[in-house]
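Below is one structure, written out as structure tokens, with a few remarks after it.
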Amino acid sequence: VLNTLSALAQIGDDEPILIILPEFLEKILNLTKDWEVRHRRCVKHVGRRVWLAASGTSTVYGHAVLAESIGPLSEDTWSAMRARHHVHGPRMYGGSTHAYVLRHVSRCEPLPIQRKAGAMGFQTGPWAV
């Protein structure tokens with residue numbers, strides 16, 4: 001577990017922050033969920049550390065390595081792997097459903113960030129804290 005001051009110093013201006021619904025973020029941080037599903041693939045951040053923020057807040061709670069971006073997911077792949085995302089039912093985004101595979105997840109002390117206007121999926125850096 002990182003302390004707040006050292007973690008803040010570690011969030012670089014060019015580091016991605018992934019915005020996630022709080023209930024799913026908690027499952028990721030508890031290591032019970034390792035897929036985050038989105039409507040498009042993300043190759044830009046694969047292999048990099050991404051910080052994890054709760055939507056509806058201006059707070060980062062941990063980080064992970066975005067190991068892979070898989071998709072679009074077929075209906076068969078979605079059905080077979082849906083448990084990794086913790087959402088039941090059809091593909092979230094139809095034929096444009098992609099999975100971000102998260103590895104090496106670490107929780108940190110809550111870190112305040114300023115959310116960029118319009119940032120829905122990723123924002124880069126803590127902006128102004």
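List of remarks:
- One Cα centroid belongs to region 6-47, the other to region 72-119; the line between them spans 9 Å.
- Legend: calculated FRET efficiency, ASP76 to LEU31, from the Cβ-Cβ distance at R0 = 30 Å, rounded to 0.05, equals 0.70.
- The chain: relative contact order in percent, alpha carbon pairs under 8 Å with at least 6 residues between: 37 percent
- From helices alone, the chain scores -4500 deg cm²/dmol at 222 nm; the rule is -39500 (n - 2.57) for each run of n ≥ 4 DSSP H residues, then divide by the residue total.
- All distinct Cα pairs of region 1-119 go into the 1/r average, and the inverse of that average, the Kirkwood radius, is 14.7 Å.
Coordinate-derived values only; no laboratory data. In this text the structure is predicted, and so the values were computed from the model without any measurement. Counting neighbours? That spans all protein chains shown, and the Cβs are built from the backbone with ideal geometry, glycine included.
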